[in-house]
Amino acid sequence: MTDLILISGFLGSGKTTLLKNLLSLHKDKRIAVIQNEFAPSGVDGKELKLTEDNFKLVEINNGSVFCVCLLSNFIENITTLLEQYNPEIIYLEASGISDPISICELLNKDEISNKVRYAGAWCVVDALNFNKSAAFVQRAKHQVRVADKIILNKTDLVDKNQIEKVIEKVKEINPFAVIEQHQFCNVKSTELNQVNEIPNITSEDTRPEAIKTAVYRTTDIISEENLNVFLKELSSISIRAKGFVRVGANEFKLFHLTYNNYEIIPLENYTGSCEIIAFGEQMSLRTLRGLFQKTK
């Protein structure tokens with residue numbers, strides 16, 4: 001039977017970084033990765049493939065596998081994955097705005113119940129921004145509530161007092177999970193140690209209408225100086241953004257933005273498409289495209 005392990009965490013917490021580190025510890029296993037986004041973009045999948053290639057990647061975009069309206073789509077994807085790849089472990093990296101409460105409903109379906117075993121959940125908590133996230137979206141609390149292990153990430157960006165406040169808040173939500181403090185999700189073990197029971201599911205649609213998503217694809221070049229201007233302005237309207245951009249004829253950058261903080265990462269030998277995905281209460285393609293064109 002294949003083990004399914006959930007990886008959750010609010011926008012920008014470090015889920016893909018954790019997944020990359022876990023994959024590096026699984027050199028002797030047949031691993032499959034399911035990445036789920038709320039927009040038709042594969043930015044995370046492209047980033048993951050830049051660093052590891054010893055796994056099978058399945059991307060489910062433009063909807064949540066935890067939304068009842070897409071259960072059949074998920075079951076079809078996972079059934080095909082099991083038949084064609086036969087993985088020992090499946091890591092399901094959920095969108096940062098997914099609500100994972102209904103995972104049991106997925107795994108209890110007749111088509112996969114005797115093939116896949118729920119083996120626990122990791123949740124990445126952003127030590128710098130968690131108090132903002134938990135206050136902003138109930139789903140951030142749900143992600144913590146179902147976790148067996150909490151990775152308190154970005155501890156290098158906050159002081160001891162802030163870390164203690166976040167740990168206290170996390171323990172209020174989930175007193176049973178193991179909490180580890182890390183920088184860059186640099187875990188040393190894949191073990192979860194214990195698996196807690198998931199709360200009862202709900203059949204309501206969990207699509208997060210409060211946060212809007214936009215994906216902008218472009219071949220235009222933006223200088224690194226103007227990219228900084230773009231990201232500073234974007235941070236005023238987006239709580240999370242990421243993407244690949246062209247800064248020269250054959251030069252590309254990867255960027256991550258979370259609230260008011262961002263980083264730009266140089267890429268070598270990148271041949272993929274250039275696209276930006278941004279999340280915000282008032283986000284739209286028109287807004288994102290207009291801001292990029294204005295600042296490029």
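The values are calculated or read from the model by the stated rules, or taken from the named source; none is laboratory data. Being a predicted model, the structure only gives us computed values, none of them experimental. Positions of Cβ are backbone-derived with ideal geometry, glycine not excepted, and every protein chain shown enters the neighbour counts.
Here L128 fulfils each of the conditions (1) assigned to a loop (DSSP other than H, G, I, E, B); (2) assigned by TED's automatic domain parsing to the domain that holds V245; (3) modelled with pLDDT of 90 or more apart from (2). Look at (1) assigned to a helix (DSSP H, G or I); (2) at pLDDT 75 or above; (3) not charged (D, E, K, R) and you find that G120 fails only one, number (1). Among the residues of segment 278-296, those identified as at pLDDT 85 or above and buried (at least 19 other Cβ atoms within 10 Å of the Cβ) are A278, G280, M283, L288, L291, F292. Taking (1) in contact with a helix residue (DSSP H, G or I) (Cβ under 7 Å, 6 or more places away or on another chain); (2) modelled with pLDDT under 80 in turn, L6 satisfies each apart from (2).
Residue by residue, here is whether (1) surrounded by 19 or more Cβ atoms within 10 Å (Cβ to Cβ); (2) at pLDDT 90 or above holds:
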position	(1), (2)
E209	no, no
K212	no, no
S223	no, yes
V229	no, yes
I237	no, yes
R240	yes, no
V245	yes, yes
